[in-house]
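See structure below.
The values are calculated or read from the model by the stated rules, or taken from the named source; none is laboratory data. Just so it is clear, the structure is predicted and the values come from calculations on it, not from any experiment. Using ideal geometry, Cβ is built from the backbone for each residue, glycine included, and neighbour counts are taken over all protein chains shown. The area values use the complete protein model at the heavy-atom level, side chains included, leaving out ligands, DNA and RNA. Shrake-Rupley method; radii C 1.70, N 1.55, O 1.52, S 1.80 Å.
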Amino acid sequence: MAEVKGRCRINQLDMSGLSLAFPSLNFEGARLQGGLTIGKRQGSPGEPAPPCFIAKTDLDPERLGFMRATALRCYPGWQLVEALVTTPSPGVVALLWDGGNRTSPLFGVSNSLHLLNATRPPKLDPEAATEYLKLFCHHVWADAGAFHIIEDPGVLEVLGVDPTAYADELRLQPVREGKNWLFRALVEYSGVLFSAKFRVRASGMVDMLEDNPIQDTQGMPLHCSPRFVYDRPFRKPAATITSNAPPAGEWPVPPVFGTHWTALPEASCARVQAGLRRYDGIHMRIPISLVAARVGPLDDDGGMQWGDQVRLSMQGFVYEQLDTPDPPLGVAAQFAPPVVRNTSWKLRRDWLHLQRPPGKGWTSPDDFDSEQHAQVARLYRTAGRLNDAREIISDQMQVEGMLQARDFATRWKTWLPIATALATCCASLGISIELSLLAGILAFLLLSGGRLLLHELYRLSSGFGLRPAYAIATFQGLLLVGWGGVLCANRDMVELPAFHFLGRDYPPLTLFDLRGLEQVLFVETSLGRDVVLEDPGDPGSAPKALIPFGGRGATPIPCGDSIQPFLYAADVFIPLLDLRQEIRCSPRDGAVLWHWAKALYATLGWIVTSLTILTVTGVLRERLER
């Protein structure tokens, strides 16, 4: 553990370059009492950093000679190709080829495979997972070269090791662990024989969980001969390659992976070379570990100086103070670069998102560390920047909610039997097959995607309880929707009254006329009183009919002017509010959809009204900020 009492300064994080090395920066467990400063990068403010990648150094397609290939089960439709290179120095280069014009060279680094896995994950059944592990170990090299998997018991006999003691490792039998595969294998690396345990993940990541040394193998013959020198991107044998076109069936360099190799015809070799010409390197993000580090002030220009070509690991990272530059105000903001015009929270949010894993990013709630968002929000509140703190908490809620909703949706095997049981139950009750199937499908969609829908509604309606303006706008908008529904159900006409303006009289102006629709709202006749029906053509005349309380068979009375449409909508929508409107009229008996719409609108009113009150009063915000 390193401890520095003064300030630690990194002059510049320059992540560009052409290198076959795998760079990284490690502050794990460091104690930097004076703080950490990241110097300004070259280039204009807001200009994206140049891409960092492992380049195709010394890999000229024209230098590739004779090629051979073997089909891959873990990448259906793809082949592993090995090509001879004789100038300027002999060697073998390996690459993956899709049979067309796409290639993915294997430079001895894991990103060669992970880049392909991000867009085309490997197929991992038991046989394919075994093949993928061999491919990974043979073509991802450390300082001393590849990890050779030993499957020949004769190797152990030569070393004086009892093969029966390592029967499980020699079989290389995969064991399923959820979506992953576990392997026990014998591995030779840097002249030492190991008993190792691997985990092959569904994403293509490979973890070595155990590595127990068995015996030194220096000077002993192993499964591959001659020995190789690993000089990225080449695998160079000790023997000199003298022919660029070996005789049929012969290769001056033995394979270290696969058994069924065939020579590629000239046309296929040309397509491989064409794919290499279009290849522009392996773009990657440089890992920087700040795990369990503790620093004083973190001075990084609001997070901007880290660039966007790094991946930060910040589990347990603690900092006492953040550099939070204010954006320019007034006229100066109009001429500032876009990144400077952004508020501080946007820069810091982008910095927090540098924790995203490569490829698809966070894929489950367990991958996301919310503590860093909470820490930034606490420091913003301490500095009095309450709006920035709310934005950071909102981003945290957005990420967590999306990950939880996706995780909920992936459990389709749980929801499918429930939806099937619902469809079967509907059919047993005499409901038609079509409606039963529709009910089952809707139930499955709601169960699998309902949480995502609720998450988005929560975000849009109130900003996760952090934005009172959103909540008030949602409340008002739904009131207007209800008002429109009542107008339609009551066949109303909305018009502006006649008015006098600038010496002129203006007649009434009809905004919209809904009298052509079917009447849905009728006077409620079960209120415990008699209802008098007057002659609509002669208001005030003697009653034409008297409908007694609870009377049936009489002509229903349209609601008409008995209610005020907006007040009726508010009476239904706002709970515990009695405006004496809802009891006057109700949808007619046969209007099933209108009855369901009214019930849904009333239920939505309970939810939205409660959410609006909790958001406006700050109850939800205080809970989240704790």
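List of remarks:
- Extension gain, T420 to Q564: 0.36 nm times the residue separation minus the Cα-Cα distance gives 47.3 nm.
- Highest mean packing comes first when the peptides 175-181, 204-210 are listed by Cβ atoms within 10 Å, giving 204-210, 175-181.
- Semi-axis lengths, Å, the stretch 126-184, gyration tensor of Cα atoms, sqrt of 5 times eigenvalues: 22, 18, 8
- For the listed residue pairs K134/K197; K197/K413; K134/K413, the alpha carbons are over 23 angstrom apart in K197/K413; K134/K413.
- Accessible area of the stretch 356-515 divided out per residue, in Å², using a probe of 1.4 angstrom: 58
- Summary of packing: across the peptides 293-303, 364-374, 396-406, the per-residue average of other C-beta atoms within 10 Å ranks them, highest first, as 293-303, 396-406, 364-374.
- Among 428-440, 63-75, 593-605, sorting by the average number of other beta carbon atoms lying within 10 angstrom of each residue, highest first, gives 63-75, 593-605, 428-440.
- The calculated FRET efficiency for Q33 paired with R504, based on their beta-carbon distance and R0 = 56 Å, is about 0.10.
- Protein accessible area in the stretch 418-471, 1.4 Å probe - carbon and sulfur %: 80
- Under 5 Å, built H, 5+ apart or other chain: amide partners of F194: V187, E188, Y189, I214
- Percent carbon-and-sulfur accessible area, the stretch 135-219, ignoring ligands, DNA and RNA, probe 1.4 Å: 47
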